[in-house]
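S.K.: Pasting a structure below so you can have a look.
The values are calculated or read from the model by the stated rules, or taken from the named source; none is laboratory data. Please read these numbers as outputs of a predicted model, since none were measured by experiment. Here the Cβ positions follow ideal geometry from the backbone for every residue, glycine too, while neighbour counts run over all protein chains shown. For the accessible areas, the whole protein counts, side chains as well, though only heavy atoms, and no ligand, DNA or RNA atoms are used. Shrake-Rupley method; radii C 1.70, N 1.55, O 1.52, S 1.80 Å.
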Amino acid sequence: MSTSTPTATPATAADKTGARTDEAADLIGNARERINSLDDRIIGLIQERMAVSAVIQEARITSGGRRVNLSREMEVLGHYRDALGKPGTALAMTMLELCRGRI
């Protein structure tokens, strides 16, 4: 009795992207590579922002101040909201949490 294991068919570019044509799949694949590169840059910038924020917090605490300046955070929230709409506020809140930790 011969037992054969089914072999998986390699996924095509169209299968991986959800596109219905190879041309669209190529376009999507290239755009995704660009998005991945942008995401890496965004992550790096957020990490850099976190480091700068730590310096500011340390200086504030060392001088006898509070770790967080709520009026500054409101400025940041407004800036993101003005630039990106309501989702910008949520994005800014997440970024601020990353930079200062939970208060």
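S.K.: Taking 22 Å as R0, compute the FRET efficiency from the Cβ-Cβ separation of ASN69 and ASP40 and round it to 0.05. Walk me through the intermediate numbers first.
M.R.: Values: r = 30 Å, r/R0 = 1.36.
FRET efficiency, ASN69 to ASP40: 0.15.
S.K.: Assuming R0 = 35 Å, can you tell me the calculated FRET efficiency for the pair VAL55 and ALA24, based on Cβ-Cβ distance, to the nearest 0.05?
M.R.: With a Förster radius of 35 Å, E is 0.15.
S.K.: Might you work out the accessible area of THR94 for me, using a 1.4 Å probe with all protein chains in place, and round it to the nearest 10 Å²?
M.R.: 80
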